[in-house]
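Have a look at the structure below, then the notes.
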Amino acid sequence: MPDRDNTITLTIDNRTVTVPKGTTVLAAAASIGRHIPTMCFDARLTPVGGCRLCQVEVEGIKGGLVTACNQVAFEGMVVRTDSQAAHAARQEVVELMLVHHPLDCPICDKGGECTLQNETIAENVQQGHYRGARKRWPEDSRSGSVHINPNLCVLCNRCVQLCDELIDVQALKIGGNGIYAHIGAVDPTVGLQCDDCGMCVTACPVGALGDQLYRFTGRPWDFTRTDVTCPHCNDGCRVTVHSLENKVARINNSAYTGPNRGAVCNRATFGYDDVNHPERLTTPLLRKNGTLLPATWGEALDAVAEQFKAAQKPVALGSDRLACEDWLMWQRLDLTFVANTDRALAPALAAAGGVLGRQPITSQSMQDVGKADLIFTLHANIAETQPVLGYAVKQAIRHQGAAYLACEDHNHRMHRRADHDLTATPGSEGVLLAGLVNLLIGTHGKADPGGLLDATAAFTVETVAAQTGISGQRLQAAAQALANAQNPALLTTIERDPARDTCVEAAWLAALAQVLGFENNLWIMGEGGNALGSALLKPTVADPAGAIAGADLLWVAGSDPAFASPWGAAFGAFEGFLVVQDLFLSDTAARADVVLPVAGPFERRRIALSLNGRLTESKAAVPPVGQSRPDWQVFYNVGRRLGLCDDLSGEGQRWCWLESQHPAGWPAPVAAEAEAEAVIVAATVESAAPPAPTVAAQQGLILSLGGALHRVGSASRRWRSVQTMAPAPSVTLNPADAADLGIGDGDRVLLNGAVELIAHIDDAQRRGSAFVPQVLAEGQILGGGAITIEPAAQASVA
């Protein structure tokens, strides 16, 4: 029975419908399958009724017509969506739009999926009643991502709203008035300045905003569409791959579904050129007489198996690019596994799990984060590392009024929104967290699980202020905000940053969540596409550099340690047998004895575990290039030669085996288009107290590393988007540090006398540290301790 106190009943096209109070006419009609056309409406945005296309007739209302998208239904309401008056109103709207809209449908990329085109046909508009000189505005192609054609715009304002309300960038506006109104960049003198997410292109109902990389590539009806899980970060977003002639033509999320609810980022939209790249490996390579030469798969696999049998200390070096089934299959071989690009996520999860007594994996969704009343980010760099989750954080701060506590190491737009700036001295983050725990228990009466008040007795306000550089007043204000929170979200991204002790940070952030009583609101995240799955499935050694140094066979998959690795010195000295699986002849592959071409993420079925414990399976969107194979298949074929893998002839048998090999508590994966339940991974973990935080003495300028929105892994060097959209590789300095070094904003500088970067001066960068994105076009900057930065000209003279 419906709840009469919270529902209303109305009639739509002679059908009675009962809906919750506050439901719009548009939503009520949709609930019974009645379609009402819209153009400006987007369920994620505030309805404004700007396009007037959704007009319906309502009995008893003056004028009779209302816009369904923002008209709230009321008790006894009688609505006609298909009346003569409603159609006449829609016809007039379409006719008015066509006065200035060029009929360029044959050459417009939106042809075949254009709302105006569809409604012109639906409303039988064959000839307009209005005449006028057509507007002619210059097109704008300065952006690397979005082509703006104001002449096609129907002024629905949808893109402006989306960029403002959802992305919080405010890059677009409608300028001018009346017939002179037109879409364009907020600052027309410099063009579009944004995050290049491409969502405005998908949202545009016509062709006013176009995808720069997709323009004139094909027609929508020629594409094959495949829903997959985006492989570029661990958010687990659903995207749609549009393929043409066995190549990826574009990527979007036009279905507005999945855990991301249609939101995508720059990586998802434009990060596919490595799949289509002409430099892809297409055949195995075998080193003969010092030269890599093409070989058959049989020859290459036999060589690997033969060397594996003879090896005394084989070592495997993988990354979070590998899917869950790749790790499960690789583990059947007797190898020592070394982490390369999981950013130390596994030990951080273990440290936090010890505090909580269970795996620290949240079951919350991105939408839950968007409803938080407090956001605490600890080096999350959320807008760069997990962009779509970052949208949810922005929603909470901007639309829910959530208090924002930011302990970040460099400036980003979100950091400037912080209500409580907790930027700390490099390496003192654990001390900050311990101090907050002490304040919450001792001053605000929060729970004390495991004797944390005694464990933090030394971390008084005065001590913490002295070690972190955060004033006592700010510390107490932050503790008060945490104590008042009814639904906080605590987020950190674990990255390979030499200035951080991520295990200490993760453990004390878990303790903070425990004291607050919100353990499930803790998000400990890795950045790679299967970071969580890789961290949980991959056994790793405590001394990776030592393992590599002592190895006589090194098997690298999904990594490029010659380009970027914390164990670069050990790899550089390695002289044993080297096997590399990759999409390209990378810096590492060029040194290999055997190179095995593998399928890209859109060329294979794969299973990934998202950062909130949801397991999804993606189908292949395009066939593998040349003779490339999925990673799991390479491991399997070597295992068969070694007698370590059972016969798995046939795709069906493979997936049955994978389902039987899931770790305890892991459900079977679901398709990318389905909603996956949170995974319950390992019910309990051996309890351990958080390690005592310390602050190491700082000498010189400390390097701080973090994510980069436009770049992810060495393969992204081949994305066109990196060439056309990504900012130049830079180093961010505090003004005081820059002044000491004699460096100005925009100067060319050398880092450690070797890597040339552009200096960016920002007062939000913490003093004593220099921020550099982890992945740069010239290579990744790694290492710890003090660094040197000097003007490039000065260094070249020396």
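The values are calculated or read from the model by the stated rules, or taken from the named source; none is laboratory data. Fair warning: this is a prediction, and the values are worked out from it, not measured in the lab. Methodologically, a virtual Cβ is constructed for each residue, glycine included, from the backbone with ideal geometry; neighbour enumeration extends over all protein chains shown. The accessibility values were calculated without ligands, DNA or RNA, using every heavy atom of the protein model including side chains. Shrake-Rupley method; radii C 1.70, N 1.55, O 1.52, S 1.80 Å.
Tabulated values for the structure
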read-out: Sorted largest first, extent of the stretch 7-82 alpha carbons per principal axis (Å); value: 27, 26, 19
read-out: Accessible area, probe 1.4 Å, largest first, for residues D501, D409, D747; value: D501, D747, D409
read-out: Value of D in µm² per second that Stokes-Einstein yields for the stretch 405-454, Kirkwood Rh from Cα pairs, at 10 °C (1.306 mPa s); value: 129 µm²/s
read-out: For the chain, the longest site-free run once chymotrypsin sites (Phe, Trp or Tyr not before Pro) in DSSP loop states with at most 14 other Cβ atoms within 10 Å are removed; value: 217-798
read-out: Amide hydrogen neighbours beyond the local backbone of L701, cut-off 5 Å, H modeled; value: I787
read-out: Residue order for E95, E756 - accessible surface, 1.4 angstrom probe, largest first; value: E756, E95
read-out: Probe 1.4 Å - accessible area at D196, Å² to nearest ten; value: 10 Å²
read-out: Global form of the stretch 579-627, assessed from the alpha-carbon gyration tensor, a/c cut-off 1.5; value: oblate
read-out: Loop trypsin sites (Lys or Arg not before Pro), the stretch 311-401, which have at most 16 other Cβ atoms in a 10 Å radius of their Cβ (DSSP); value: R332, K371
read-out: Distant-in-sequence amide H partners of H147 (H built 1.01 Å from N, under 5 Å); value: G210, D211, Q212
read-out: Alpha-carbon Rg/Rh ratio, for the chain, with Rh computed the Kirkwood way; value: 0.99
read-out: Euclidean distance between Cα centres, the stretch 3-24 to the stretch 318-383, Å; value: 44 Å
read-out: The stretch 102-155: GluC sites (Glu not before Pro) falling in loop per DSSP and having at most 14 other Cβ within 10 Å; value: E139
read-out: Whether the stretch 259-339 is rounded, prolate or oblate, judged on the alpha carbon gyration tensor where a/c under 1.5 counts as rounded; value: oblate
read-out: Accessible surface of the chain, 1.4 Å probe, proportion on carbon and sulfur as whole %; value: 50 percent
read-out: Over the chain: helical MRE at 222 nm, DSSP H runs n ≥ 4 each giving -39500 (n - 2.57), nearest 500; value: -7500 deg cm²/dmol
read-out: Among the listed pairs K110/K619; K538/K619; K21/K173; K247/K371; K110/K371; K394/K619, those beyond 30 Å (Cα-Cα); value: K21/K173; K247/K371; K110/K371; K394/K619
read-out: Gyration tensor (alpha-carbon) shape descriptor, the stretch 458-516, a/c threshold 1.5; value: oblate
read-out: Dipole moment magnitude, nearest 20 debye, the chain about Cα centre, only Lys, Arg, Asp, Glu C-beta charged; value: 1420 debye
read-out: Å² of accessible area per residue within the chain, as computed with a 1.4 Å probe and no ligands counted; value: 39 Å²
read-out: Whole-angstrom gap from the stretch 392-410 to the stretch 453-478, using each part's C-alpha centre; value: 22 Å
